Amino acid sequence: MSDYVIAPPVIAAVPIRGSSQVFPVRRIFCVGRNYAEHAIEMGSDPTREPPFYFAKPADALVVNDADMPYPPQTKQLHHEMELVVAIGSAGENIPVAQAMAHVWGYCAGLDMTRRDLQNEAKKTGRPWDMGKGFDFSAPMGALVPARGVDVSKGLIELKVNGKVVQTSDLSKLIWSVPEVISNLSHLVRLAPGDLIMTGTPEGVAAVQRGDLLEGVVEGVGTVRTRIV
Ligand code: MN
């Protein structure tokens, strides 16, 4: 046991549906522009781009349907509804055919984005971190174990105040779950506790204080938070 000079950080964790156990989180990776219609709405060509990644700190998690405080320094807080993959076993240079064996489970999540800061970063060639990786930027629902869950297809949908704002199907992912795991594992060694947010479909838009966000991924689960 190391003799830390300050109290060590609390380990962020995602609840597991129907269990008192939780899933400890190491890193949160996110895939950019992984649905064609969203790539188009962001002004990109969806056909020619290999996957790319950014990250959020593990302690950006918001779980158990907790409220999300409206973040500072933005006038454009956007929702991005996503399928989240939880990695259960380590691997690097993982072949696509073996990728799913590294998955512990799945949950529904929101890649909340300070779009104005992200757009400014894009314009000036600066990092996206402050647009993407801010406090409370990753609300997530409970995890379900991977066994028997098919993420090759299924509804992905987000309602804001009861109105559907994003709706698509997992079959429309440009890079599928096993392809993402394989590709990312060629860039970093994936480790147990890593989460991968797999990208958002079209329909991203701004939310305000008081808005209730309710997302669902068919066969996986829900995510729910209120902006306060
Ligand atoms: Mn996203």
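Return the whole-Å distance between the Cα centroid of the range 3-70 and the Cα centroid of the range 116-193.
The two parts, judged by their Cα centres, are 7 Å apart.
In debye to the nearest 20, how big a dipole does the range 13-226 give about its Cα centre with +1 on each Lys and Arg Cβ and -1 on each Asp and Glu Cβ?
On the way: 22 positive and 24 negative charges, 60 e Å.
Taking the Cα centre of the range 13-226 as origin, the dipole is about 280 debye.
Please list 43-52, 196-205, 157-166, 215-224 highest first by mean number of surrounding beta-carbon atoms within 10 Å per residue.
Top of the packing list down: 196-205, 215-224, 157-166, 43-52.
What lysines sit close enough to K75 to cross-link, taking a C-alpha to C-alpha distance under 23 Å and skipping anything fewer than 8 places away on the same chain?
Counting by Cα, and skipping residues close in sequence, K75 has these lysines nearby: K56, K122, K123, K132, K159, K163.
Expressed as a rounded percentage, what relative contact order does the chain have, with Cα pairs under 8 Å and six or more residues apart?
Relative contact order comes out at 31 percent.
From the P(r) of the range 77-131, could you give the percentage of C-alpha pairs in the tail past 19 Å?
Of the Cα pairs, 52 percent sit more than 19 Å apart.
Putting +1 on Lys and Arg Cβ atoms and -1 on Asp and Glu Cβ atoms, find which of N34, V22, T225 reaches farthest to the positive end of the dipole of the chain.
Among N34, V22, T225, the one farthest towards the positive end of the dipole of the chain is T225.
How do 22-29, 120-127 rank on mean C-beta neighbours within 10 Å, highest first? Intermediate values should be presented prior to the final figure.
Values: 22-29: 18.6, 120-127: 10.9.
Order by mean packing, descending: 22-29, 120-127.
Using bins 5 angstrom wide from zero, how does P(r) for the range 9-93 break down, in % of all Cα pairs?
Percent of Cα pairs in each bin: 3, 9, 16, 21, 19, 16, 11, 5, 1.
Once you compute Rg and the Kirkwood Rh from C-alpha atoms, what is the Rg to Rh ratio for the chain?
Reported Rg/Rh, Kirkwood definition of Rh: 0.95.
May I ask you to compute the full-extension gain from E37 to K122, defined as 0.36 nm times their residue separation minus their alpha-carbon distance, rounded to one decimal in nm?
28.6 nm
Which one, L155, L77, A99, is farthest towards the positive end of the dipole of the chain when Lys and Arg carry +1 and Asp and Glu -1 on their Cβ?
Working it through, the farthest residue towards the positive pole turns out to be L77.
What is the P(r) of the range 73-208, as percent of Cα-Cα pairs per 5 Å bin from 0?
Spelled out per bin, shortest first, that is 2, 10, 17, 20, 20, 16, 10, 4, 1.
Points 7 angstrom from Cα along the Cβ direction at E92 and Q73: gap in nanometres?
It is 3.3 nm.
Values in this text are rule-based calculations from the coordinates and carry no lab data. Quantities reported herein were computed from a predicted structural model and do not represent experimental measurements. Note that each Cβ is placed from the backbone with ideal geometry, even for glycine, and that neighbours are counted across all protein chains shown.
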